[in-house]
Amino acid sequence: MKRVIEFIVKECDAVVPFLKEPFPHGLSSAEVGRMHKGFALALKAKALLYAASPLYNSATPPVSYGDARD
């Protein structure tokens, strides 16, 4: 899990300088579906938020199966 979060953060930090600002007046047809700085920063923030939550950041699993899967 830690490696995945580190990868997401590293990649978002690497691409943000090359992305356009969010589109304040709507999207042109050429820009629809393209990633922008706001999306990259939101993805990074959400990944870090999930990584910091007790669900993913605790010694006990969030779901206990009562066998070797725990």
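A few remarks follow.
- Test: residue in the range 38-50 that is modelled with pLDDT under 85, open to solvent by 60 Å² or more (accessible area, probe 1.4 Å) and aliphatic (A, V, I, L, M): no
- When each of SER58, SER29 is tested for being open to solvent by 80 Å² or more (accessible area, probe 1.4 Å) and either modelled with pLDDT under 85 or under 18 Å from ILE5 (Cβ atoms) (or both), the lone residue that passes is SER29.
- Selection status of LYS10, in a loop (DSSP other than H, G, I, E, B) and modelled with pLDDT of 70 or more: no
The values are calculated or read from the model by the stated rules, or taken from the named source; none is laboratory data. Only a predicted model underlies this, so the values are computations on that prediction, with no experimental measurement involved. A quick note on method: Cβ atoms are made from the backbone with ideal geometry, for glycine too, and the neighbour counts reach across all protein chains shown. Surface areas here come from the heavy atoms of the whole protein model, side chains and all, with no ligands, DNA or RNA. Shrake-Rupley method; radii C 1.70, N 1.55, O 1.52, S 1.80 Å.
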